[in-house]
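The numbers here are math on the coordinates, done by the rules we state, and not lab data. A quick note: this is a predicted structure, and the numbers were derived from the prediction, not measured. Cβ sites come from the backbone with ideal geometry, for glycine too, and all protein chains shown count toward neighbours.
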């Protein structure tokens, strides 16, 4: 090392030592930390100061108020759960039972309550959602969560170094009672009381597909009866898409659906007696007309609504939808296929549904919820309605529009 380089190195070390020297230690003996999200450094806050315990850094869950991270959350007071979610994963903290789980497995990591604030093990959460977790070594350490940042770790440190030193000195050197409270973290067993998260209002269209093909027809009938009872109990209406065979064989149930104020649509399977596949447009239209005549003969009601159960490409489905519109029918699709998110218990299933719905809400998008009616459908739907009620969700009714808020597909 030459003399000039050695001089610069010694100078840098002295600056760091002096900076640390001017920042007094916390009177309570606790470390203090800044938090940062991407390229933003947050202010020090005694009420929500992160802490290190049992080999984990804990930060307030509201660090995810910063939507640039692409991870959202919802807190359910009734069931004592804190849920983080995006399209990649769903992570649920069971606050009373002291564990967490996601789409893959159960974990021992838990959220904790300290000074009436709910804290989460931030490194663990970052790992579940593919975020970068950093602890930047400065006179006051910085806990940084990164999803998409322009500044590298060293660049971030260089940019905010003077501010970190200045605010750290002010925070600990004012002589005021601004140091973190010595409260002991409360681990599960005591109900936490975090404040509500950012208010987003979910907008949901509930819809159910009804047909009696395949096994367990009697169980499906019982499931539909229980589902109608559940919706009536909660004062909620939905859309029911029925096949022609269902209308023909379940006249009393169809009358009850309409009598309760629910919307009725016609369900178009991949193939049927009137057509071999969906490329036979006239056959599909003949099927819809025949089903409508059955509906009219039993209930004195016709419908323009229909739903096509198919995995057609988007362009083919759009063409079919336009053709059906020209024939007098409005085809509604769905944005959320609830059958893909069925879990072990009805409550867990509803929790996963709610997490997905809240993700749409975070993006200011309505949800068209679709599910096939089966024997146990009503149990999960009852829990879902309770969850949505906690979130002040708006449950809307499907109407015969060609482009209903651009949510059909």
| Evaluated over region 281-405, the Cα radius of gyration and Dmax, each in Å | 16.8, 46
| Where does each of 359, 233, 318 land when they are ranked from fewest to most other beta-carbon atoms within 10 angstrom? | 233, 318, 359
| said: I'd like the distance between the alpha-carbon centres of region 31-85 and region 298-369, rounded to an integer number of Å. | reply: 34 Å
| remark: Proxy exposure order for 224, 69 (fewest C-beta within 10 Å first) is 69, 224
| In whole Å, what is the distance between the alpha-carbon centres of region 242-274 and region 98-125? | 45 Å
| query | Tell me, 260, 371 in order of fewest to most beta-carbon neighbours within 10 Å? | reply | 260, 371
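Based on a Kirkwood Rh over C-alpha pairs, give the Stokes-Einstein translational diffusion coefficient of region 203-396 at 25 °C and viscosity 0.890 mPa s in µm²/s. Present the calculation step by step, with values, prior to reporting the outcome.
On the way: Rh = 17.3 Å.
Calculated translational D: 142 µm²/s.
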